[in-house]
1. Output the direction-averaged projected area (hull surface divided by four) of the convex hull of the alpha-carbon atoms of the range 207-331, in nm².
2. Give me the angle, in degrees from 0 to 90, between the Cα long axis of helix 268-281 and the longest principal axis of the Cα atoms of the chain, rounded to the nearest 10.
3. Pull up the cross-link candidates among the lysines for Lys445, meaning alpha carbon to alpha carbon under 22 Å and not fewer than 8 places away within one chain.
4. Which cross-chain or sequence-distant (5 or more) residues have an amide H under 5 Å from the amide H of Arg349, H modelled 1.01 Å from N in plane?
5. Counting only protein heavy atoms and using a 1.4 Å probe, what share of the accessible area of the range 99-143 belongs to carbon plus sulfur, as a whole percent?
6. For the range 162-209, max minus min Cα coordinate along each principal axis, in Å, sorted largest first?
7. Sorting check: for 383-392, 177-186, 402-411, which peptide has the highest mean count of neighbouring beta carbons within 10 Å, and how do the rest follow?
8. Rounding to the nearest 10 and keeping the result within 0 to 90°, find how far the Cα-based axis of helix 28-39 lies from the longest principal axis of the chain.
Amino acid sequence: MVTRLVAAPKIDFSDLRRELELPIGFPPAARHEAEVAAAGPLPADPRRVDRTDLPFVTIDPATSRDLDQAVCLESAGNGGFRVHYAIADVSAFVPVGGSLERETWQRGQTIYLPDGKVPLHPQVLSEGAASLLPDADRLAVLWTIDLDSDGATRAVSLTRATVRSRAKLNYAGVQAAADAGELPEPIALLPTVGNLLIERGLDRGAINLPIPEQEVEPDDGGFRLVLRAPVQAEEWNAQISLLTGMSAADVMLAGGIGMLRTMPTPRPEAIASLRVAAAALGVAWPEGAGPGRVLHTLDVSTPRGAAFVDRAAELMRGAGYTAFDGTPPAEPGHGAVAAPYAHVTAPLRRLADRYVTEVCLALHAGVTVPAWARAALSRLPEVMSRTDRVAGTAERGAVDLAEAVLLAGRVGEEFDAVVIDVDEERRDNGRPRGGDIVLDDPPVKARCTGDLPLGERVRVRLVVADPHRRQVTFEAA
């Protein structure tokens, strides 16, 4: 794992919050419903099974308390595996037709900002009664997925359950335990199962972009800008979520009703363009390999590797949500997953997951899909797409502001950087107009003008650092 960070001063994100029209607090009626649901006895349901015997654990960022998923892995017959994946049963706490449900439709999803998130649900639920926190009985929807020895799915079941997490783990700790061969029993098989699922994904053409995350984190009264490469444990854990999302998609496609997370298959011309970039950057592209396989073996810590990953992001265009009731969509797949896929594993943070899960529960049980869940499907794509845009703007806006504040007062200074993208459009004289760079220190990604060699180290000069406009611009030195 490669991590670079730099301390930043106090930053005021209030203008960004106002610009995005993010809500402050919850309406009294919605908050009251949440408090009543959290304080009352666990809702009774004769169909709910007791699976507190399973030693679940959660794996999340260290500071997270809105814990949607808990996992427990077991060996099964014939060298296979059994995946138990518990998802917070948020529907048990949100009355249909109530004030809280209406408020969650306005929000769509949790919005994360460095000075505090804007949650989908009141914290008394999202970080309390509905969260899969350790050492307490919690309501969940339990997916049980049996895999063959090669990772192929052979059986799927789901039911409402009561579960009990044994520990709240984080990615860095899980990675350290895996490296030391000391993973706790419930996830001792995580590297094995995770790598099997990764390999199956690559075989069918899945694409994962190993892009380091640029984040702004609170730091001793101020903030810090962090560029953090993902660890293997994150990808292993993500594979369990992907497996569940693909299983949910299969259930809904077979039942003729539901909502999928869709994305077109990468266009042939986009793949051809990426092949040209690979040749220019000296990135090996073995005969017969797809872009996902090339990316999987890439060393993203090198300048040329980073540039190739940035260029590969062009393959991931057109993601959306596709609802259906009756005839399944003609193109149900997700281009990056290389299979049909649905969001069901984060109901504390995403509105759609709650309703899609209800559809899956009904279809699996062979009963009628609840009318309130069916009616929601046609409305969800617009809400989720709209709030996806808000979440993306918030994330990028926070980083842009931190970069501008961090570099204010340093206009005219020169920095070492890596060129990760260059403009395809050219001036009349044939010179590139500019592109995107990432500084060595501080970890800033920004626009740069001038003649830039893709995938190479360059020296750049800071020409704009404007916190008010959240803008940072460089020029080739």
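1. Details: hull surface 42.5 nm².
Result: 10.6 nm².
2. Compared with the principal axis, the helix lies near 50 degrees.
3. Lys10
4. Sorted by chain and number, the residues that satisfy this come to none at all.
5. After summing per-atom areas, the C and S share lands at 44 percent.
6. Extents along the principal axes: 36, 32, 18 Å.
7. Highest mean packing first, the order is 402-411, 383-392, 177-186.
8. With rounding to tens, the tilt is 60 degrees.
The values are calculated or read from the model by the stated rules, or taken from the named source; none is laboratory data. Since the structure is predicted, the reported quantities are computational estimates derived from the model, not experimental observations. Positions of Cβ are backbone-derived with ideal geometry, glycine not excepted, and every protein chain shown enters the neighbour counts. Calculation scope for accessible area: heavy atoms of the full protein, side chains included, ligands and nucleic acids excluded. Shrake-Rupley method; radii C 1.70, N 1.55, O 1.52, S 1.80 Å.
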